[in-house]
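J.: Here it is, the structure, as structure tokens.
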Amino acid sequence: MTKRQLPDTWLQNRKRWTALLIAVFLLGGAWTQISRLPPPDAAGGAPPASPREGFAAPDFTLELLGGGTVTLSELRGQAVMVNLWASWCPPCRAEMPAIERAYQDLKDDGLLVVAVNTTYQDSEAAAAGFVAEFGLTFPVALDRNGAVSNRYQLRGLPSTYFIDRQGIIRSVVVGGPMSEGLIRAKIEEILKETP
Amino acid sequence: MYPYLSLGPLVVQLPGLALLAGVYLALLLTEKRAAHLKLNKEHVYNMVFWGLVAGIVGARLAYATRFLSVYLESPLSLLALNPQTLSPVDGILTGLLVAGVYGRRKNLPLRPTLDALAPGLAAFMVAVGVAHFLSGDAFGAPTDLPWGIYLWDAYRHPTQIYEVILALGVFLAVWKQPLGRPGDGLNFLLLVALSGGARLFLEAFRGDSLVWDGGWRAAQIVSLAVVLLSLALMQKWYPPLQNRQKR
């Protein structure tokens, strides 16, 4: 018997092939049936926290440059863009003006930007100089000990997390600079949803 | 999981590199199989190439159309390198359409051309699995099994590894061309059926399934339909008896 004969024999025989089709349908259908998921309520409701799309954004509380604190979970109900950056990072510098423009245009529609400076690998003075240079008007938080960067599994700067009004991460962009189109499209997608 | 490699100010997207390697390998294998099937390999190569280019352009334009006001305001964003602003389904449809039109204009015969594409597509599926492994996408459901991997704050099925193993198996099966005669399209259908079967099996272990009403996993329903259709088409495409006897 040559290597081609066995499958060909099956294909030649219409009855045998039809039986194969029925067997595949039954087995595939049974596998699909047993791998069905329970209803969302039974599965536990809200997704767990993890720094990727579809998961709840891990919560944090950080001090702000210039005083005060910000807690991410207290911002529910707004579209939040968390941007991790450092003053020495060229793509961070390149994309920050576009972020500021988007914030100015969309803050009244419910956008909040939280720019988290990775202070443990930067300095507070350099961060303040950067904010003044670009005239940033959104809150700038200071990750002094790297806890937030660690929790968000920071692998490259800048890293940006687009978070919806329910606190779910909708998109993650690592590296940059992000185009203005990307920033606005991601925000618009979240803002268009029912509050 | 190694999604990014920071090289100074550059953040290299490793999954993207895996996909590029997959495209390169796919083109190489397609060209080789096209020559073996006595097709004009330059035409086949160009068909794939222009399909890919059209796919990328179509994916970006479709995404921009969804956010027209944004892109009218900053049209240069159309040229940005961000892969997040691509619409994959529209890209695939555009790519297929352009490749189809190109193939038709160059009089490439359908079934031999599909067979020529089969090993390259199978190799690309392996690269997709590797890209998923690097990025942490297509992740598994939580598990207590000893081979679970810690990913996204839980021990999960290493579905990306399952995916690579299954894709390698499909590649080996398709590479051997076990059905019919080379060029009659059956081995392309075999690729489709086996890939559909692999996804049908694998989806049960995924933690990111799109779920329809009743808890049905969408990918399983679609995969089952694809497997059945390709099996049915296999018999339809199988050469009639008189041709078989000439072999």
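The values are calculated or read from the model by the stated rules, or taken from the named source; none is laboratory data. Here the structure is a predicted model, which is why all the values come from computation and not from measurement. FYI the Cβ positions are ideal-geometry reconstructions off the backbone, even for glycines, and counts take in every protein chain you see.
J.: Only residues that are among the aromatic types (Phe, Trp, Tyr) and at the interface with chain B (Cβ under 10 Å from one of its Cβ atoms): list them for the range A:150-195, please.
T.: Hit for the range A:150-195 is A:Phe162, nothing else.
J.: Then there's this: Among the residues of the range B:76-97, is there at least one that is more than 21 Å from the chain's Cα centre (by Cα), buried (at least 16 other Cβ atoms within 10 Å of the Cβ) and over 27 Å from B:Ala59 (Cβ atoms)?
T.: No, that holds for no residue.
J.: Right, next: Can you tell me how many residues within the range B:191-220 are modelled with pLDDT under 95 and assigned to a helix (DSSP H, G or I)?
T.: So the answer is 3.
J.: Going by the conditions given, is A:Ala125 more than 14 Å from the chain's Cα centre (by Cα) and in a strand (DSSP E or B)?
T.: no
J.: Next up: Looking only at the range A:94-110, which residues are surrounded by 17 or more Cβ atoms within 10 Å (Cβ to Cβ) and over 19 Å from A:Pro158 (Cα atoms)?
T.: Within the range A:94-110, A:Leu106 is the sole residue that qualifies.
J.: State the number of residues belonging to the range B:150-205 that are touching a Leu at 6+ places or on another chain (Cβ under 7 Å), more than 21 Å from B:Leu228 (Cβ to Cβ) and of a type in the set (Gly, Ala, Ser).
T.: Within the range B:150-205, residues that are touching a Leu at 6+ places or on another chain (Cβ under 7 Å), more than 21 Å from B:Leu228 (Cβ to Cβ) and of a type in the set (Gly, Ala, Ser) number 1.
J.: Continuing with this model, one more query. In the list A:Ala49, A:Ala79, which residue meets the criterion of being hydrophobic (A, V, I, L, M, F, W, C) and more than 8 Å from chain B (Cβ to nearest Cβ)?
T.: Among A:Ala49, A:Ala79, only A:Ala79 is hydrophobic (A, V, I, L, M, F, W, C) and more than 8 Å from chain B (Cβ to nearest Cβ).
J.: Moving to a separate point now. State whether the residues of the range B:111-124 include one that is among the β-branched types (Val, Ile, Thr) and in contact with a Gly (Cβ under 8 Å, 6 or more places away or on another chain).
T.: Within the range B:111-124 (the criterion being among the β-branched types (Val, Ile, Thr) and in contact with a Gly (Cβ under 8 Å, 6 or more places away or on another chain)), the answer is yes, since at least one residue qualifies.
J.: B:Gln160 - would you say it is at the interface with chain A (Cβ under 9 Å from one of its Cβ atoms), surrounded by 21 or more Cβ atoms within 10 Å (Cβ to Cβ), within 17 Å of the chain's Cα centre (by Cα) and in contact (Cβ under 8 Å) with a residue 12 or more places away in the chain?
T.: no
J.: Please specify each residue of the range A:132-172 satisfying the condition of being in a strand (DSSP E or B) and over 16 Å from A:Phe55 (Cβ atoms).
T.: A:Val140, A:Ala141, A:Leu142
J.: Take B:Arg33 and decide whether it is of a type in the set (D, E, K, R), within 13 Å of chain A (Cβ to nearest Cβ) and touching a residue at least 12 places away in the same chain (Cβ under 8 Å).
T.: Against the criterion (of a type in the set (D, E, K, R), within 13 Å of chain A (Cβ to nearest Cβ) and touching a residue at least 12 places away in the same chain (Cβ under 8 Å)), B:Arg33 does not qualify.
J.: Which condition does B:Ile221 not pass, out of (1) at the interface with chain A (Cβ under 8 Å from one of its Cβ atoms); (2) closer than 27 Å to B:Leu29 by Cα, if it passes all the others?
T.: Only one criterion is unmet by B:Ile221, namely (2).
J.: In addition: Before we move on, is B:Gly129 touching a strand residue (DSSP E or B) at 6+ places or on another chain (Cβ under 7 Å) and either farther than 18 Å from B:Glu42 by Cβ or not charged (D, E, K, R) (or both)?
T.: Considered against the rule, which asks whether it is touching a strand residue (DSSP E or B) at 6+ places or on another chain (Cβ under 7 Å) and either farther than 18 Å from B:Glu42 by Cβ or not charged (D, E, K, R) (or both), B:Gly129 comes out as no.
To keep it simple, each residue is scored yes or no on (1) within 21 Å of A:Glu63 (Cβ to Cβ); (2) within 14 Å of another protein chain (Cβ to nearest Cβ).
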residue: A:Arg93; (1), (2): no, yes
residue: A:Asp108; (1), (2): no, no
residue: A:Leu112; (1), (2): yes, no
residue: A:Ala128; (1), (2): yes, no
